[in-house]
Structures are given as C-alpha cells and as structure tokens.
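Throughout, read-outs are computed from the coordinates displayed, never taken from laboratory work. Fair warning: this is a prediction, and the values are worked out from it, not measured in the lab. Here Cβ is always computed from backbone atoms with ideal geometry, including for glycine, and neighbour counts include all displayed protein chains.
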Ligand code: ZN
C-alpha cells in the first residue's frame, strides 16, 4: 500500500472516531447486545431495529479507542438496509480482512471497511476493530451474554 493511500485510510478512521455516526440509542430497537474488549478496555452497546429479516436501523453507544469507535460507527452505517444474512456474511468478510489483511474476492461489498486492512499487522488492534462485529453477531443471533473478543 502506498503512503498516500495509507494516510487516506487513516483519515477515514480518525474522522469516524472523532465524529461517530449513529452514536445514540435508537428509540424502538428490538435487538441489542453488549461488547467488551478487556485487552484494550473498549465497551459498547449496539442497538438494532429489524423488520423480519431486514435491518432497518442501527446505532451504538460506548467508550473505546479510536479503532473500536470508528469500526462501530462504520458498521452501523453499512448494515442499515441489509438483510440479517448479508450482515452475517459481512462479519465473515470483515473478520477475514482484519485477521489476514487480504481482501475477499468480492471486495466491493466491504466498501469503506477496506480501510481496516492494515489492522492485521497489529494483533492487539484486531480485537478493537472486530469488537463491534462480534457484538453485531450476538445481537442478530439473540444471544444475551456479553460479546468478548477473547
Ligand atoms: Zn481498542
């Protein structure tokens, strides 16, 4: 990755961490889950409003590092309007991206999430980036435990 592209990627992450999107508790959510990354201390609550198999709205609240906040912010943007199956597929793609750094065959589906590819070089940060996604999976599968990255 050239340095120009790298700094562009960092800008996206900094922007989302400073001005997180959908940082609130939506009024009439019907799914929620809590996530905790003990390694870094990141905590978040994810709220979803679903209609049948479709995710209509998503939001989050919590406190965490720049990577975890930016990841949660971008997650809430990208999953809106997706089906539960599509969101779970995105989870798999995102997880592969941050653990291997390699983009999936159809990387267009990941869109802006591709900015997290560099995270795989920093194993401790992988958990920060994937916390919101683990939490999403729990919310979608109606699990009640706290999502942990360990
Ligand atoms: Zn973190």
What helix-only [θ] at 222 nm does the chain give? Using -39500 (n - 2.57) per DSSP H run of at least 4, over all residues, to the nearest 500, the answer is -14500 deg cm²/dmol
Per-selection Kirkwood Rh - the range 3-141 (Cα, Å, 1 d.p.): 14.7 Å
So, R0 is 41 Å and r is the distance between the beta-carbons of residue 85 and residue 39; what FRET efficiency does that work out to, to 0.05? 0.85
Relative contact order of the range 1-85, pairs being alpha-carbon contacts under 8 Å that are 6 or more residues apart, as %: 31 percent
Mean separation of Cα contacts under 8 Å (at least 6 apart) over the residue count of the range 3-141, i.e. the relative contact order in percent, is 26 percent
What nm distance separates the two modelled labels at residue 51 and residue 18, each placed 7 Å from Cα along Cα→Cβ? 3.6 nm
Under a crude label model (7 Å from the Cα following the beta-carbon direction), how far is residue 95 from residue 77 in nanometres? 2.4 nm
Pop the C-beta distance of residue 11 and residue 63 into the FRET formula with R0 = 25 Å and round what comes out to the nearest 0.05. 0.65
Sorted from fewest to most neighbouring beta carbons within 10 Å, what does the list 132, 17 look like? 17, 132
